Amino acid sequence: MAFFGYGCRNTCTSIAVVASLIIGVVTAFLRFMAVITVTPAFLWVTFGIAIVYLAILLANALFAENNAEQACIGKTINAILIGILGTVLVSVVLLAIAFAATSIIGAIITGALLFFFSLIITATACLIKQLL
């Protein structure tokens with residue numbers, strides 16, 4: 001449970017993970033019911049955002065100071081990295097394999113994509129909150 005930052009005063013990262021999980025489950029359900037579809041353009045956009053975000057995070061890490069006071073920020077950055085790597089992996093899988101609109105496996109993988117992508121966004125909001 002150290003991933004969620006329970007040793008810190010702020011548990012924003014755990015809320016971000018739960019909110020992202022809800023978004024992923026709702027997306028999987030809507031994809032299975034064929035309410036939404038995922039186009040290759042959307043997959044390329046999520047892939048590109050994740051790659052650019054990783055490059056920006058790397059550039060910021062090179063110039064960041066390593067303080068013991070920033071232990072809570074490290075847990076949030078771990079959540080962002082998990083979101084980035086998961087988004088890249090799942091978007092590549094969805095680009096490589098075509099799933100039917102009502103496929104259960106396709107719906108689960110699409111839900112995972114939106115889980116990881118929303119984890120990037122919500123964990124970034126937590127990081128901004130912790131830095132201010």
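The values are calculated or read from the model by the stated rules, or taken from the named source; none is laboratory data. Just so we're clear, the structure is a prediction, and the values are computed from it rather than from any experiment. Quick reminder, even Gly has a Cβ in these numbers, built from the backbone with ideal geometry, and neighbours come from all protein chains shown. Each accessible area value is taken on the protein alone, full model and side chains, heavy atoms only, with ligands, DNA and RNA left out. Shrake-Rupley method; radii C 1.70, N 1.55, O 1.52, S 1.80 Å.
From 16, 59, 50, which residue is farther than 16 Å from residue 117 by Cβ, part of a helix (DSSP H, G or I) and open to solvent by less than 50 Å² (accessible area, probe 1.4 Å)?
Working: 16 fails: farther than 16 Å from residue 117 by Cβ; 50 fails: farther than 16 Å from residue 117 by Cβ.
The match here is 59.
Considering only the stretch 111-132, how many residues are closer than 13 Å to residue 31 by Cα and either open to solvent by less than 20 Å² (accessible area, probe 1.4 Å) or of a type in the set (Lys, Arg) (or both)? Outline the logic, then answer.
First, pick out the residues of the stretch 111-132 that are closer than 13 Å to residue 31 by Cα: 111-114.
Narrowing the set further to residues that are either open to solvent by less than 20 Å² (accessible area, probe 1.4 Å) or of a type in the set (Lys, Arg) (or both) leaves 111, 113.
Selection size over the stretch 111-132: 2.
Considering only the stretch 1-30, how many residues are modelled with pLDDT under 90 and over 15 Å from the mean Cα position of the chain (by Cα)?
9
Take residue 74 and decide whether it is modelled with pLDDT under 90 and part of a helix (DSSP H, G or I). I'd like the intermediate steps shown before the answer.
Working: modelled with pLDDT under 90: yes; part of a helix (DSSP H, G or I): yes.
Spelling it out, residue 74 is indeed modelled with pLDDT under 90 and part of a helix (DSSP H, G or I).
From the residues in the stretch 35-47 that are open to solvent by less than 60 Å² (accessible area, probe 1.4 Å) and part of a helix (DSSP H, G or I), which one is nearest to residue 105 (Cα to Cα)?
Looking at the filtered set, the residue picked out is 43.
Let me confirm something: among 84, 97, 108, which residue is touching a helix residue (DSSP H, G or I) at 6+ places or on another chain (Cβ under 6 Å), open to solvent by 60 Å² or more (accessible area, probe 1.4 Å) and at pLDDT 80 or above?
Unique residue meeting the criteria: 108.
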